[in-house]
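Asks: Sharing a structure with you now.
The values are calculated or read from the model by the stated rules, or taken from the named source; none is laboratory data. Since this is a predicted model, take the numbers as computed values, not measurements. All Cβ positions, glycine included, derive from the backbone under ideal geometry; neighbour counts span all protein chains shown.
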Ligand SMILES: [Mg+2]
Ligand SMILES: [Zn+2]
Ligand SMILES: [Zn+2]
């Protein structure tokens, strides 16, 4: 009988702090997030006759928009799939919290 | 009510209300007042000299005088307190030897009137017209205002003890301000407050003044009102001088607007004395005067203040002055709040604590929750409810004694004078009579046997008669908890004998009412406008379709369902005369739709209630097709799915869609009565033998049970011999339990199937289940075959003794009967052990409901309050009161659920049913 070594080999994977280990955008429950162009932003605000202040918010640290390179004030377009009524759109303004 | 009114005009000057010029009508100082008959309550101002205007316009223009543009909250400065005061209070005495208020006392006549007949010395108006006026006292030494100690502390900690500057280097001050302004602009006030807090938190630990290099010491509060700097106590005088040194621009960073709140104002040098109108004295029956708690407290303040003055002027030793000063601090503190920790509350001679300012406002009995958020109304009633299927669905039965107390004001007109005189003639004791007459000047007179002749004599157009409640009057009916809008609906009054409020059982569902002692409330709207509003928005008819699931919430229940089921399914032939007497008994007098045959079918009788051009395609509970063509049932029968309420009732939904709410209510009411009437004709009883099983079925059930027991025993045996492999993530014991549970549940289902197959389907008990009126197959099986496994939190019953449920079992016994399996049926009766198992789960579910109800109720309340001002705008977005978007399309699909059928729009059915 051979004595087993008390220390077992461990494999470590190094990940950058900014990249998430699991890519949430690939998850089926995470809808598509896209950055709105300046022109589209203007149009959106005009369509709803609002200022950016009236939009719902999203944290700039939100995992779903880490791949987008966003800054405060950007507008994110979220396309949600609805099994009953097709796609529905949602817009959020990026904030630093 | 009137008594409360006087004390409610409190602390007005803390809040400065700015009226802007947007208000369409400014009230002129001495506007000529005019009373319009019937609109006495409204104060009116003539806008143009004697212009010809119709009344409605005048009333409309009056409704807006001024518009609130902004409200500024601040702290009263000593200067402002003196300026707004009408009297300086100098003596603790209240009345002189003749019982007359002392000048400069706490009941000074310049502070307002509380005695009828007297006039206010400040404004000259009488009781109830004068809202009262503040006074002030000069404090002999500064006093810390209890409610501001936290603010004072932060300012003291954040500023230099020597030079008074904020402990931020000069060059950074401007930057901090900029940051705050930016946050304010971008994210609003809440975020600014958070940022202010963050800045102050950092200042606390600064040891040296960046302006004058003075060393800073740590300051703490010694409860309740002292400030300690290291070991030394700071006197209020010192604190005040330090606060005075803080420049305005530094205050801004602390979040103080120095125009309305200088920090040194938080240390009081003068004290505002509230008007007597908010602390009226009451005269006892003995003629003795009893003062309000606030007056008592203020008396203490004034007395000690006086003593302190005298001692200072006489040059008394510092210890005595210090003691008096502390005592004054105590009295002022308890004047603001008598429930401060570390301070004994000031008490009456009887020992009960005084109710001072804070106690008046806070808690459930305080001004906010009791008087402002919790309004109470007159013209309402509450009592036990009971059912009455004969009154209409939108009626409410009101006991006569209630109808004689609840009244409706009717304005006397030339054309109804005689009619109303008859009510007065009958007086308050003969129904329908009248209780009060209101003169055009607003005086209310009670009608009695003595006064009624005079009242009739006097009566003329413009008078108002408060007559008894009568049939057809409008009432709002309500049952708590009022969780959805259907909890308050508008009904027509029907005055009935008896002592309970009566309602049609069809509306039990929206109110969630039953008759096991439930009580409900009734409100009688008093104005034409409120009655119109109630009729249009709250009528029972308008609430048939629930906005929750888009199906009718009001529908047939119980006997109405089983009756119509029997009629349309089982009665294929009945003599025409019998059909006619059935229809007559439910109020149908038109028989042209009934086929002119010797014998008619139940279907044909039922169909007479349907509109002639009605088409419908649907399914029954048993998934059999129903077809209605041109108002005739060509296939199928009625049951819960077509007629029921609470999320079924597809037939009703379709009738509503095509013919509107009024027709639906009428048809529903007739269906309801028809169902009950059919049962009265045929008889309907549920008996014990309804659930008798034939001998073969009984044997089958026994075999199934024996097999199951054997199977479980085999499982236990293989577990004991180690032959059971654990499921992934489970222990072997857990695996065994799961397997046993699976076997036993399968057993009950098998037995249920046997019952379903063998039970006599023509018994009335089975009919109730089949039609969906009451009960289900599981409950039938529990009565006929076996009750089944009792489960506690998804497991068999394990608790009780160590290793066993009851002491009659061996420890470690894993058999079904030792862990909550009830093999008897309810009809056969349970053994003591089985009964005990049933009691365990019964108690558990009782506890569960008792604990869950308040929790879910509170959760719902928070949700409802959070969403109360959300609104769907014309562009389909959902926005809150400030215009912020919550959803870009209501519910992501923009559907109004109340316009759908179960949340869906069934296009196929629309095509099928339109010709
Ligand atoms: Mg009840
Ligand atoms: Zn006055
Ligand atoms: Zn300094």
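Asks: When segment B:546-559 is examined, which residues are found to be in a helix (DSSP H, G or I) and within 23 Å of residue B:658 (Cα to Cα)? I'd like the intermediate steps shown before the answer.
Replies: Taking segment B:546-559 and keeping what is in a helix (DSSP H, G or I), we get B:559.
None; the set is empty.
Asks: Here is a follow-up. So, residue B:119, is that one part of a helix (DSSP H, G or I), more than 20 Å from residue B:216 (Cα to Cα), away from ligand 3 (no atom under 16 Å from the Cβ) and more than 14 Å from chain A (Cβ to nearest Cβ) or not? Please lay out each step first, then the result.
Replies: Numbers: part of a helix (DSSP H, G or I): no; more than 20 Å from residue B:216 (Cα to Cα): yes; away from ligand 3 (no atom under 16 Å from the Cβ): yes; more than 14 Å from chain A (Cβ to nearest Cβ): yes.
Taking the combined requirement at face value, the residue does not satisfy it.
Asks: Okay, next question. Mind checking which residues of segment B:167-190 are within 14 Å of another protein chain (Cβ to nearest Cβ) and either surrounded by fewer than 17 Cβ atoms within 10 Å (Cβ to Cβ) or over 21 Å from residue A:54 (Cα atoms) (or both)? Full working, then the answer.
Replies: Step one: list which residues in segment B:167-190 are within 14 Å of another protein chain (Cβ to nearest Cβ), which gives B:179, B:182-190.
Hits for segment B:167-190 are B:179, B:182, B:184, B:185, B:186, B:188, B:189, B:190.
Asks: Just checking, how many residues over segment B:680-693 are assigned to a loop (DSSP other than H, G, I, E, B) and either more than 19 Å from residue B:747 (Cα to Cα) or in contact with a strand residue (DSSP E or B) (Cβ under 8 Å, 6 or more places away or on another chain) (or both)?
Replies: 6
Asks: Pick from A:50, A:78, A:65: which is touching a strand residue (DSSP E or B) at 6+ places or on another chain (Cβ under 8 Å), away from chain B (no Cβ under 12 Å) and either more than 23 Å from residue B:874 (Cβ to Cβ) or free of Cβ contacts under 8 Å to residues at least 40 places away in the same chain (or both)?
Replies: On the way: A:50 fails: away from chain B (no Cβ under 12 Å); A:78 fails: away from chain B (no Cβ under 12 Å).
Exactly one of A:50, A:78, A:65 is touching a strand residue (DSSP E or B) at 6+ places or on another chain (Cβ under 8 Å), away from chain B (no Cβ under 12 Å) and either more than 23 Å from residue B:874 (Cβ to Cβ) or free of Cβ contacts under 8 Å to residues at least 40 places away in the same chain (or both), namely A:65.
Asks: Give segment B:160-175 a look and list any residue that's under 50 Å from the mean Cα position of the chain (by Cα) and either within 16 Å of ligand 2 (Cβ to nearest atom) or not in a loop (DSSP other than H, G, I, E, B) (or both), or say none.
Replies: At the first step, the residues of segment B:160-175 found to be under 50 Å from the mean Cα position of the chain (by Cα) are B:166-168, B:173-175.
B:166, B:173, B:174, B:175 - these are the residues of segment B:160-175 that are under 50 Å from the mean Cα position of the chain (by Cα) and either within 16 Å of ligand 2 (Cβ to nearest atom) or not in a loop (DSSP other than H, G, I, E, B) (or both).
Here's the yes/no breakdown for (1) in contact with a helix residue (DSSP H, G or I) (Cβ under 7 Å, 6 or more places away or on another chain); (2) within 14 Å of another protein chain (Cβ to nearest Cβ); (3) more than 16 Å from ligand 2 (Cβ to nearest atom); (4) free of Cβ contacts under 8 Å to residues at least 40 places away in the same chain:
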residue: B:531; (1), (2), (3), (4): no, no, yes, no
residue: B:552; (1), (2), (3), (4): yes, no, yes, no
residue: B:567; (1), (2), (3), (4): yes, no, yes, no
residue: B:589; (1), (2), (3), (4): no, no, yes, yes
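Asks: If you don't mind, another one. Hey, could you check segment A:54-73 for residues that are in contact with a helix residue (DSSP H, G or I) (Cβ under 8 Å, 6 or more places away or on another chain) and within 27 Å of residue B:891 (Cβ to Cβ) and say which is surrounded by the most Cβ atoms within 10 Å (Cβ to Cβ)? Spell out the reasoning first.
Replies: The initial filter retains those residues of segment A:54-73 that are in contact with a helix residue (DSSP H, G or I) (Cβ under 8 Å, 6 or more places away or on another chain), namely A:58, A:63-64, A:67, A:73.
Retained after the next criterion (residues that are within 27 Å of residue B:891 (Cβ to Cβ)): A:58, A:63-64.
On the way: A:58: 21, A:63: 15, A:64: 17.
Within segment A:54-73, the match that is surrounded by the most Cβ atoms within 10 Å (Cβ to Cβ) is A:58.
Asks: Does segment B:882-913 hold any residues that are within 13 Å of another protein chain (Cβ to nearest Cβ) and touching a strand residue (DSSP E or B) at 6+ places or on another chain (Cβ under 8 Å), and which are they? Explain how you work it out, then say what you get.
Replies: First, the residues of segment B:882-913 that are within 13 Å of another protein chain (Cβ to nearest Cβ): B:882-895, B:897, B:900, B:902-905.
Scanning segment B:882-913 gives B:885, B:886, B:887, B:888, B:889, B:890, B:892, B:893.
Asks: A further question follows. Would you check if there is a residue in segment B:527-536 being more than 16 Å from ligand 1 (Cβ to nearest atom) and in a strand (DSSP E or B)?
Replies: To start, the set of residues in segment B:527-536 that are more than 16 Å from ligand 1 (Cβ to nearest atom) comprises B:527-536.
In the following step, the residues that additionally are in a strand (DSSP E or B) were identified as none.
No: segment B:527-536 contains no residue that is more than 16 Å from ligand 1 (Cβ to nearest atom) and in a strand (DSSP E or B).
Asks: Residues that are outside the structural domain of residue B:636 (by TED's automatic domain parsing), surrounded by fewer than 23 Cβ atoms within 10 Å (Cβ to Cβ), within 16 Å of ligand 1 (Cβ to nearest atom) and closer than 30 Å to residue B:868 by Cβ: does segment B:485-508 have at least one?
Replies: yes
Asks: Quick check on segment B:337-349. Is at least one of its residues in a helix (DSSP H, G or I), assigned by TED's automatic domain parsing to the domain that holds residue B:108 and modelled with pLDDT of 90 or more? Quick ask: steps written out before the conclusion?
Replies: In the first step, residues of segment B:337-349 are kept if they are in a helix (DSSP H, G or I); the result is none.
No; the residues of segment B:337-349 include none that is in a helix (DSSP H, G or I), assigned by TED's automatic domain parsing to the domain that holds residue B:108 and modelled with pLDDT of 90 or more.
Asks: Tell me whether segment B:609-630 contains one or more residues that are within 40 Å of the chain's Cα centre (by Cα) and on the phi > 0 side of the Ramachandran plot.
Replies: no
Asks: Would you check which residues across segment B:863-881 are touching a strand residue (DSSP E or B) at 6+ places or on another chain (Cβ under 7 Å), more than 11 Å from chain A (Cβ to nearest Cβ) and not in a loop (DSSP other than H, G, I, E, B) and list them? Steps first, answer last, please.
Replies: Going residue by residue through segment B:863-881, those that are touching a strand residue (DSSP E or B) at 6+ places or on another chain (Cβ under 7 Å) are B:870-873, B:877-880.
Checking which are more than 11 Å from chain A (Cβ to nearest Cβ) leaves us with B:870-872.
B:871, B:872 - these are the residues of segment B:863-881 that are touching a strand residue (DSSP E or B) at 6+ places or on another chain (Cβ under 7 Å), more than 11 Å from chain A (Cβ to nearest Cβ) and not in a loop (DSSP other than H, G, I, E, B).
Asks: Could you figure out which of (1) farther than 29 Å from residue B:535 by Cα; (2) surrounded by 15 or more Cβ atoms within 10 Å (Cβ to Cβ) isn't true of residue B:458?
Replies: Single failed check for residue B:458: (2).
Asks: For segment B:542-556, which residues satisfy the criterion of being surrounded by fewer than 24 Cβ atoms within 10 Å (Cβ to Cβ), within 19 Å of residue B:650 (Cβ to Cβ) and in contact with a strand residue (DSSP E or B) (Cβ under 9 Å, 6 or more places away or on another chain)? Lay out the reasoning, then the answer.
Replies: Of all residues in segment B:542-556, those surrounded by fewer than 24 Cβ atoms within 10 Å (Cβ to Cβ) come to B:542, B:546-550, B:553.
Now drop any that are not within 19 Å of residue B:650 (Cβ to Cβ), which leaves B:546-550, B:553.
Once the filter is applied, which keeps residues that are surrounded by fewer than 24 Cβ atoms within 10 Å (Cβ to Cβ), within 19 Å of residue B:650 (Cβ to Cβ) and in contact with a strand residue (DSSP E or B) (Cβ under 9 Å, 6 or more places away or on another chain), segment B:542-556 yields B:546, B:550, B:553.
Asks: Can you list residue pairs whose Cβ atoms sit under 6 Å apart, with the first residue in segment B:503-515 being at pLDDT 95 or above and the second being within 16 Å of ligand 2 (Cβ to nearest atom)? Count only pairs 6 or more apart in sequence or on different chains.
Replies: Filtered contacts from segment B:503-515: no entries.
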